[in-house]
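Quick notes on the structure that follows.
The values are calculated or read from the model by the stated rules, or taken from the named source; none is laboratory data. These figures come from a predicted structure and were not determined experimentally. Cβ atoms come from the backbone with ideal geometry, glycine included; neighbour counts cover every protein chain shown. Please note that ligands, DNA and RNA were not included when accessible areas were found on the heavy atoms of the full protein model with its side chains. Shrake-Rupley method; radii C 1.70, N 1.55, O 1.52, S 1.80 Å.
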Amino acid sequence: KFWLTRILLRERQQQANTFAQGSYVPLSVKGVYDQHIIAFARQYESECYVVILPLNIAQLCRQQKKEVTDIVGKDTEVEWPDPETSIGRNSTTGQSVESLRIQTIFEHLPFALLKRVSNGANEISNRE
């Protein structure tokens, strides 16, 4: 818990405006386990973070007869609303992110805080 709290507080300190004044953008999730994932972005000017969390994870673990870290998301994926902008890096693992497939995102941890890499100050929007 301390490790995660330290990472989240560091990101919040470095991008205080994004977390305090940033807009909330819900992101769509598609696939077999779409009902078990919540995803949203916080955006302020050119800065953007994406949060991806599992929902009802205990139920999913029982259904798959697996531990939390072994859950396979099959074809479940968060839809990235801005194809012109790179997703960036995972702030919790430090790894570059090329895909928002849950199987890839949750490979090391069953949650993610992603920082978008932006080339400009364009805002994202949820296109449904």
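Quick look at the values:
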quantity: Linear extension gain, V51 paired with L9, 0.36 nm per residue minus alpha-carbon span; calculated: 13.7 nm
quantity: Where region 11-113 is the region considered: accessible area per residue in Å², 1.4 Å probe; calculated: 54 Å²
quantity: In order through region 97-111: 3J(HN,Hα) via Karplus (6.51 cos²θ - 1.76 cosθ + 1.60), integer Hz, x for Gly, Pro; calculated: 10, 10, 9, 9, 5, 4, 4, 6, 4, 8, 4, 9, 9, x, 6
quantity: Region 18-69: GluC sites (Glu not before Pro) falling in loop per DSSP and having at most 16 other Cβ within 10 Å; calculated: E45, E67
